[in-house]
Amino acid sequence: MRTSHRLIAGLFVLPFLSGCFASSGDDSSASAGAAGGARLRVALPFAPTENYSPYGQDAMLLSRLGVTEGLTRLDANGTAVPALAESWSSENGGRSWVFTLRDATFQDGEAVTAEAVAAALTAAGKADPAPSALSGVQLTATAEDDDRVRVATTAPDPVLPLRLSNPSLAVFSPKAYDKKGTVNVVGTATGPFALTGTEGDTAATLDRFDDYWGGRAQASGVTARFVSDGTARANALRTGQVDIAESLPVAQVPSLDKDDVHEVNTARNTSLYLNTRSGAFTDAGLRAAAREAIDTSVVAKGAYEGYAVPAQGLFGPALTWAAGKRVEPAGRGRATRPDGESITLATYSDRPELPETAQVLQQQLRKAGFKVKLEVRTYARLEGDLLDGAFDAAVFSRNMMLDTGDPVTVLASDYTCDGSNNLSFLCDKNVDRLVAAAQAESGTAERQDAAMKAEAAVLGTDSVIPLVHLKLVAGIATDVQGALPDPYERTLLGTGTRR
């Protein structure tokens with residue numbers, strides 16, 4: 001038996017934020033001392049859109065706040081390293097992997113067992129829609145004994161340890177799951193901070209989990225607010241109402257103390273996704289016309305003010321291996337005259353550069369002969385229509401290595417017929433064939449080579465037009481230590497984050 005040890009101008013937003021972040025008995029100052037630890041105040045751009053479900057985008061939010069974790073995690077080099085699993089090995093030609101668990105406890109006091117882990121992974125596999133990390137993959141998880149779990153797939157999966165690092169495959173206590181497949185993440189995860197309360201989609205309260213296997217966090221808790229307006233986040237940092245403001249608008253950087261601004265190269269792109277299922281861009285000639293109309297250097301210099309570079313493809317310079325393996329796209333359609341074709345171009349305001357990028361594209365596409373209507377909302381209000389294909393085109397920001405750290409996985413989820421995050425609704429037999437061939441490769445270099453061939457095929461369809469590769473600009477007050485912004489955008493707070 002195992003044993004368990006243990007928005008608008010800042011003038012109008014700031015009064016609201018003042019109330020949100022004012023000190024209280026629960027939000028202690030830095031003078032609270034080492035025993036209690038000061039609470040961290042964090043402003044995040046994206047509100048939860050799925051009631052904190054771990055199977056969608058909210059999973060990334062829970063991961064960045066230090067609430068959840070899975071069997072593995074990614075290090076700075078994109079390598080799978082231990083999290084809840086101490087070690088692992090493959091069997092049956094890569095069709096199954098055995099993970100040995102560390103001694104850990106759920107936030108509700110229950111021990112982390114192989115049976116609980118297997119149940120959590122099984123629930124994730126049954127989620128509808130499936131988490132993007134499981135796109136094209138069917139897995140089964142079973143307990144070998146109390147501290148070993150076997151994860152098997154129908155076909156060899158050489159990147160399974162990478163896949164299991166995805167926050168959507170986080171492990172929760174058996175008490176978190178109901179018969180309908182809903183997961184209650186409040187106080188049932190394993191990370192250093194436990195989600196203890198929420199205020200709809202505006203705020204969340206987290207308290208330190210004292211029995212965390214990785215050691216007691218130095219901060220006593222976190223007060224998180226979801227503030228979609230970038231100017232408001234910057235103002236809150238500048239006036240000392242928050243300690244960390246994620247994803248700052250580049251236009252606000254000059255107004256901040258330079259010591260508060262932190263840049264991180266990321267694998268994130270901003271791209272224009274064209275709806276190939278319905279509307280104007282079912283026509284390959286009009287997709288080609290849109291591609292030829294766009295000058296990405298204007299987007300990089302204008303909307304991003306130098307905090308981005310013109311895109312070279314789907315995989316940018318943060319991935320140092322990509323440039324030397326790039327394949328020229330072939331088979332692109334010939335551009336046809338738009339002749340006043342009307343299109344609706346959508347984006348979201350939570351990343352403030354995106355509406356400006358959309359305006360630049362609107363001008364360029366109009367010059368080429370399209371009639372362009374802009375639709376700008378917060379992401380929470382846009383997501384449903386975006387996934388339903390309600391728009392002809394969308395400006396969207398995507399970290400290409402967020403799902404697993406494996407380039408093939410994101411190609412499968414974003415550009416194949418059965419992909420769970422296919423914003424272009426692309427269904428191309430050649431793309432699917434090349435992605436499947438890449439999935440079959442087990443060697444790192446061979447997998448990268450195959451991924452770049454698939455990338456060229458995707459770009460050859462003109463279903464997506466990469467615009468820029470981005471840097472993450474985070475605001476971190478000078479009295480904060482140990483914040484963890486990373487190229488994969490999965491982490492922000494850890495046991496050593498404090499003020």
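The values are calculated or read from the model by the stated rules, or taken from the named source; none is laboratory data. Remember, it's a predicted structure, so these values are computed and weren't measured experimentally. So basically every Cβ, Gly included, is an ideal-geometry build from the backbone, and we count neighbours across all protein chains shown. Just so you know, the surface numbers come from the protein's heavy atoms only, side chains and all, with ligands and any DNA or RNA stripped out. Shrake-Rupley method; radii C 1.70, N 1.55, O 1.52, S 1.80 Å.
On segment 275-320, 48 percent of the accessible area sits on carbon and sulfur atoms, based on a 1.4 Å probe. Shape class of segment 331-373 from the Cα gyration tensor (axes a ≥ b ≥ c, square roots of the eigenvalues): prolate, since a/c reaches 1.5 or more and a/b is larger than b/c. Distances between placed amide hydrogens fall under 5 Å for A393 paired with N275, T344, A346, all partners being 5 or more residues away or on another chain. A Förster radius of 30 Å, combined with the Cβ-Cβ distance separating A390 from N430, puts the computed FRET efficiency at roughly 0.65. Taking 0.36 nm per residue of separation and subtracting the Cα-Cα distance, full extension of the segment from K371 to T444 would add 21.8 nm. Checked against a 30 Å cut-off, the cross-linked pairs K367/K429; K301/K325; K126/K325; K301/K373; K371/K453; K325/K371 give Cα-Cα distances beyond that limit for K367/K429; K126/K325; K371/K453; K325/K371.
What the phi angles of segment 267-273 give under the Karplus curve with 6.51, -1.76 and 1.60, with θ = phi - 60°, is a coupling list of 8, 8, 10, 10, 9, 9, 9 Hz, glycine and proline written as x. Separation of segment 375-447 and segment 236-306, taken as the distance between their Cα centroids, equals 18 angstrom. Shape of segment 156-289 from the C-alpha gyration tensor: oblate (a/c of 1.5 or more and a/b not above b/c, with a ≥ b ≥ c the square roots of its eigenvalues).
Site pair A437 and E199 shows an inter-label distance of 5.5 nm when each label is modelled 7 Å from Cα along Cα→Cβ. Mean residue ellipticity, 222 nm, helices only, the chain: the sum of -39500 (n - 2.57) across DSSP H runs of n ≥ 4, divided by residue count and rounded to 500, is -7000 deg cm²/dmol.
Each residue of segment 134-142 was assigned a 3J(HN,Hα) from its phi angle through the Karplus expression (A = 6.51, B = -1.76, C = 1.60, θ = phi - 60°), giving 9, 4, x, 10, 10, 10, 10, 10, 9 Hz with x at Gly and Pro. With a Förster radius of 22 Å applied to the C-beta separation of D75 and T320, the computed FRET efficiency comes to 0.90. Per atom type, segment 412-486 shows carbon and sulfur on 48% of its accessible surface, probed at 1.4 Å. Sorting the segments 171-183, 251-263, 60-72 by their residues' average number of neighbouring beta-carbon atoms within 10 angstrom, most packed first, yields 60-72, 171-183, 251-263.
Per residue, the accessible area of segment 145-245 comes to 34 Å² when a 1.4 Å probe rolls over the protein heavy atoms. Annotation for segment 48-75 versus segment 140-181: alpha-carbon center distance of 15 Å. The length gained by stretching the chain between S90 and K180 to full extension, at 0.36 nm per residue less their Cα-Cα distance, is 29.1 nm. Compute the length gained on full extension between V327 and T282: take 0.36 nm times their separation in residues and subtract their Cα-Cα distance, giving the result in nm to one decimal. This chain segment gains 13.7 nm when fully extended. The packing ranking, built from the mean of other Cβ atoms within 10 Å per residue, places the peptides 126-139, 485-498 in the order 485-498, 126-139, highest first.
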